Amino acid sequence: MANRISTRVQSLSPSATLAMSQKSAELKAQGVDVINLSVGEPDFNTPGFIKEAAKHAIDDNYTFYTPVAGYLSLRKAIADKLRNENGVDFDPSQIVVSNGAKQSLCNVILSVINPGDEVIIPTPAWVSYVEMVKLAEGTNVLVPATIEQDFKITPAQLEAAITPRTRMVLLCSPSNPTGSVYSRDELQALVDVLARYPEIIVLSDEIYEHINFTGSFTSLASFPELADRVVVINGVSKAYAMTGWRIGFAAAPADIAKACNKLQSQYSSNPSSIAQKAAEAAYTGPQECVEEMRVAFQRRRDLVVSLAREIPGLKVNVPQGAFYLFPEVSAYFGKSYGNRTISNAGDLAMYLLEEAHVATVDGEAFCVPGYIRLSYATADDTIREAMRRIGEALGRLK
Ligand code: PMP
Ligand code: GLU
């Protein structure tokens, strides 16, 4: 049969994180004892007061269409959060709530990128950025940051990547997949470059804001040099263990917010009314749960880093946020076990899945060769067992 699928969709890669997670679920269903370190989501249950708010929302009949950009009460709660936690001012009319930060990112990219516009993306970068830019027919300009520079780009690298066609720079700190966090000074140095290019829009993915072990977080929207051209992306998935509820937001200059609203009005309307009420409770309720989960992630970070360091051949940085470890694994390339030879990180991820029954993600999905990603958002004992299995399987490669 002729291929009926559009070239636009044919050119996209499926999400490798979700694909690996699916594969591990299938093996589990066949009875294989797989440890899934592939998908990145908190293992905690959504806090009770948030679940209660959702139950009340149903009983109180919050079951009709809402404004496309979300209930005003939720957008006010988000504006308050941005003011109180990040020191930045957005009017509720500048906030568009969507089905997860993923849709928020895609809304913004589709709203501002014309075919051929260049988008600068430091790599390693989360799997969906480059695909969203492809969807908008923009051009990805990847700027690699190595493990030696703690996966953070330098101002000189940023400046060298800028051309007259640059329309947007996309930054993610704390980072998925590396866990790196730019300090305020490091951000200031990048902002100093961007100050010379006032036409460039800055898209700042701050979804891991609260899973941060440095003790400080700076929103890119707080730099006056970027006034009126920075878009903040955030949401409840990671901070409040609410991945399945699908609520994220963009806080944007008025014209961009309006464009996102128009786009969303045509292809998804408002995100779930019930999930919105739950998110409102998350932002306005007690915040202790956020810190409790952060502390647990930090303990697990310490555990996974110390166990990874005991495995010869894994080269690791010390992630300062999020819940991922991104070891460099090229020491294993060219080695074999049985009739299987490891040529790249994809082979290694598959070897670990089949031989150690641990699901990880090939670093290629994050636009860099030679790495794998492990999500340590899981119980301490599971981390210990996973790292034991990984160490054993890697030890068999000769
Ligand atoms: N940005 C980054 C860097 C992420 O890791 C994720 C998690 N998938 C998202 C955005 C999207 O989060 P969600 O759609 O669950 O809000
Ligand atoms: N952020 C998570 C990850 O990177 C969720 C999966 C996804 O949306 O890609 O694994």
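Has the range 168-177 got at least one residue that is more than 12 Å from ligand 1 (Cβ to nearest atom), more than 16 Å from residue 146 (Cα to Cα) and assigned to a strand (DSSP E or B)?
So far as the range 168-177 goes, yes, one or more of its residues are more than 12 Å from ligand 1 (Cβ to nearest atom), more than 16 Å from residue 146 (Cα to Cα) and assigned to a strand (DSSP E or B).
Of all residues in the range 1-18 being away from ligand 2 (no atom under 16 Å from the Cβ) and in a loop (DSSP other than H, G, I, E, B), which is farthest from residue 367 (Cα to Cα)?
1
Return the pair list, or none, for Cβ contacts closer than 6 Å from residues in the range 163-177 that are of a type in the set (Asp, Glu) to residues that are near ligand 1 (Cβ under 10 Å from one of its atoms) and part of a strand (DSSP E or B), at least 6 apart or on different chains.
none
Please go through (1) open to solvent by less than 10 Å² (accessible area, probe 1.4 Å); (2) among the aliphatic types (A, V, I, L, M); (3) over 22 Å from residue 293 (Cβ atoms) for residue 254 and return the number of the only condition it doesn't satisfy.
(1)
Across the range 292-317, what is the total count of residues that are aliphatic (A, V, I, L, M) and exposed (fewer than 15 other Cβ atoms within 10 Å of the Cβ)?
Selection size over the range 292-317: 1.
Here is a check on your reading of the model: is residue 73 within 16 Å of ligand 2 (Cβ to nearest atom), surrounded by fewer than 20 Cβ atoms within 10 Å (Cβ to Cβ) and in contact (Cβ under 8 Å) with a residue 60 or more places away in the chain?
no
Among the residues of the range 318-339, write down those that are more than 16 Å from ligand 2 (Cβ to nearest atom), open to solvent by less than 40 Å² (accessible area, probe 1.4 Å) and of a type in the set (A, V, I, L, M).
329, the sole residue that qualifies.
Being open to solvent by less than 90 Å² (accessible area, probe 1.4 Å) and more than 17 Å from residue 265 (Cα to Cα) is the filter here; which residues of the range 59-70 pass it?
Of everything in the range 59-70, those that are open to solvent by less than 90 Å² (accessible area, probe 1.4 Å) and more than 17 Å from residue 265 (Cα to Cα) turn out to be 62, 63.
Can you confirm whether the range 367-381 contains a residue that is within 18 Å of residue 297 (Cβ to Cβ) and in a helix (DSSP H, G or I)?
yes
Give the range 214-248 a look and list any residue that's under 16 Å from residue 98 (Cα atoms), of a type outside the set (S, T, N, Q) and within 16 Å of ligand 2 (Cβ to nearest atom), or say none.
Selection gives 233, 235, 236, 238, 242, 244, 245, 246, 247, 248.
The values are calculated or read from the model by the stated rules, or taken from the named source; none is laboratory data. These numbers come from a predicted model, not from an experiment. Neighbour counts are summed over all protein chains in view; Cβ atoms, including those assigned to glycine, are modelled from backbone coordinates with ideal geometry. Note: areas computed on protein heavy atoms with side chains; ligands, DNA, RNA excluded. Shrake-Rupley method; radii C 1.70, N 1.55, O 1.52, S 1.80 Å.
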